[in-house]
Amino acid sequence: MNFRKFYIPTVNVSRRNFAKIFTAGTVSFLSAIYTKPTLSSPKPPSLKYLYNFSVDSFTITNTRSRHEDTDFIAASVAVAGRPTRSASQSLGDLNNGTYPTAIMFKDVEVGENETAVFTYNIVNNGHSDPSTVEKTLLEATETLATKGAELAVKAAGPAIGAALGASIGTGVVPIIGTALGALAGWVVSYGGGLLFANCDGAVASAVHTFSGKQLREGTRLVGQLSNSDYQPGTDSPAGCGSNSQYNVNWTIKLGRVIAFNEGVVPPSTAQGLLQALQAINIDYSVTESQILDWLGNSYSLYPQFAKGILKLFDGLRLKNKVYLDVIFYNYEELGGKVVFNSLDGSLDLNILKKAIVEGYEIRNGISVSSFEDIVELRP
């Protein structure tokens with residue numbers, strides 16, 4: 001190496017010492033531009049825990065009315081930042097006995113640091129329009145769950161019940177066992193449009209909160225959490241007999257655990273998108289050249305649409321095949337929009353699921369009740 005090509009500092013340095021200095025500098029320079037790669041294990045996938053919440057049945061040992069209660073039930077599950085899930089049911093005229101319900105919420109995602117609020121209310125009302133009773137009760141129950149979930153972001157445990165009571169103008173709402181004493185008056189007066197005459201009134205009410213950690217630990221060994229809430233009734237008017245006594249049975253089961261990789265970028269080429277779609281059992285009814293042309297042209301909206309589908313199917317695949325072009329057609333026919341300047345089209349997921357279900361039914365010649373029935377975990 002010719003040292004004359006390099007700048008030599010104007011200090012008294014011997015030729016040998018300069019060679020040492022230069023060599024050390026050269027090694028440092030080479031180290032800066034080349035670092036031996038280190039091998040590391042791939043990041044393990046994250047896990048989504050999905051739970052099934054249900055009100056399984058209730059037992060009446062004493063009706064609020066003298067002979068039969070005309071019962072309605074509503075229940076909700078809420079997690080802050082996610083849509084509240086709600087359902088209601090008209091149960092008819094009931095005497096003492098045990099009665100099943102149809103209340104179930106499947107695949108409710110609850111993260112490690114999130115809190116699920118599970119609420120239900122049962123009222124006896126034989127004097128108002130049944131459809132109005134059911135609708136109003138559903139709204140009241142959904143309000144409890146949604147408010148509770150919002151408050152659970154900053155509060156925990158019994159503090160949630162205290163904050164919830166303050167927000168709706170009642171006393172502290174218990175989060176273990178019955179909440180009927182605190183909520184009976186609020187439920188009956190909610191909306192102001194229902195007539196509760198004679199022996200009508202609330203007969204069961206509860207607000208239960210569960211952190212993601214509690215759900216995972218509670219369901220880890222036996223797969224479920226369950227309880228029977230004893231609901232001693234509030235005072236009924238004279239002539240109605242003694243106060244009601246109900247027991248409400250509910251269950252929370254671990255439904256599914258989905259592994260997914262955070263930050264995975266969907267394929268950007270038409271061929272990559274097609275291969276990713278085929279991996280989840282979505283193919284095409286047109287020619288391959290035609291589908292590749294659509295997937296490679298953003299103005300067709302197919303690239304955005306395909307990425308939106310892949311986002312929905314994170315960790316999942318269809319049990320049987322469905323045509324992509326049929327899903328796209330169904331989605332637009334159902335009123336769905338694809339946003340051109342959005343990476344994944346900002347699709348309406350509820351409409352997308354309906355579009356997929358319709359395509360699945362036509363392709364496979366069967367009838368299914370929900371999107372969840374036609375998907376499974378990817379191997």
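Computed values, structure above
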read-out: Among (1) at pLDDT below 95; (2) open to solvent by 70 Å² or more (accessible area, probe 1.4 Å); (3) in a strand (DSSP E or B), the one test that GLN214 misses; value: (3)
read-out: Scope the range 352-374; condition open to solvent by 60 Å² or more (accessible area, probe 1.4 Å) and in a helix (DSSP H, G or I); matching residues; value: LYS354, GLU358, ILE362, ARG363, GLU372
read-out: So LEU39, is it surrounded by fewer than 20 Cβ atoms within 10 Å (Cβ to Cβ), of a type outside the set (Lys, Arg), at pLDDT below 95 and assigned to a strand (DSSP E or B); value: no
read-out: Answer residue from the range 327-351, given it is aliphatic (A, V, I, L, M) and in contact with a Lys or Arg (Cβ under 7 Å, 6 or more places away or on another chain) and is most open to solvent (accessible area, probe 1.4 Å) among those; value: LEU343
read-out: Test: residue in the range 296-305 that is exposed (fewer than 15 other Cβ atoms within 10 Å of the Cβ) and in contact with a Pro (Cβ under 8 Å, 6 or more places away or on another chain); value: yes
read-out: Residue list for the range 195-211, filter: closer than 26 Å to PRO158 by Cβ and either hydrophobic (A, V, I, L, M, F, W, C) or open to solvent by 40 Å² or more (accessible area, probe 1.4 Å) (or both); value: ALA202, VAL203, ALA204, ALA206, VAL207, PHE210
read-out: Leading residue by the ranking (nearest to THR101 (Cα to Cα)) among those in the range 231-242 that are open to solvent by 50 Å² or more (accessible area, probe 1.4 Å) and touching a strand residue (DSSP E or B) at 6+ places or on another chain (Cβ under 7 Å); value: PRO232
read-out: Residue that is modelled with the lowest pLDDT [pool: residues in the range 150-176 that are under 16 Å from PHE118 (Cβ atoms), part of a loop (DSSP other than H, G, I, E, B) and open to solvent by 70 Å² or more (accessible area, probe 1.4 Å)]; value: ALA156
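The values are calculated or read from the model by the stated rules, or taken from the named source; none is laboratory data. The structure displayed is predicted, hence computed values, not measured ones. We place every Cβ from the backbone using ideal geometry, glycine too, and count neighbours over all the protein chains shown. Protein only, heavy atoms only, side chains kept; ligands, DNA and RNA dropped before computing areas. Shrake-Rupley method; radii C 1.70, N 1.55, O 1.52, S 1.80 Å.
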